[in-house]
Amino acid sequence: MNDDILQKLESIFKLFFKNDQIILKNDTVADDIEYWDSLTHIELINTIEKVFNITFTFNEVMSFETVGEMVNCIQNHLQG
């Protein structure tokens, strides 16, 4: 399931950042993606929440350091 989530996230990132060259890995961090800063992070999180029909807590959002952590959190919400 994690691979499916990662693939879906990659599609979201490509559309959100308007960059078809983005390839996400579990260890991808904000510094790896051009224009992924603190302002776009909140907009990106909102988009992810809508697509997956979930709601992250503030602490979850603030704890994401890698895409893998985001994937795990999404999986927990979907199972939950």
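A few remarks follow.
- Each Lys and Arg Cβ is given +1 and each Asp and Glu Cβ -1; about its Cα centre, the stretch 29-70 then shows a dipole of about 240 debye.
- Dividing the mean sequence gap of close Cα pairs (under 8 Å, 6+ apart) by how many residues the stretch 7-59 holds gives a relative contact order of 30 percent.
- Cross-link partners of residue 25 among aspartates and glutamates (Cα-Cα below 20 Å; sequence separation of 8 or more within a chain): 3, 4, 10, 34, 37, 49, 60, 65, 69
- Rounded D (µm²/s) - the chain, Kirkwood Rh over Cα pairs, Stokes-Einstein at 37 °C, 0.692 mPa s: 261 µm²/s
- Positive dipole terminus of the stretch 2-79, leading residue within 53, 76, 22 (C-beta point charges): 53
- Centroid-to-centroid separation of the stretch 12-42 and the stretch 54-72 [C-alpha atoms, Å]: 14 Å
Coordinate-derived values only; no laboratory data. What you see is a predicted model; the values in this text were computed from it and never measured. No Cβ is skipped: glycine too gets one built from the backbone with ideal geometry, and neighbour counts run over all protein chains shown.
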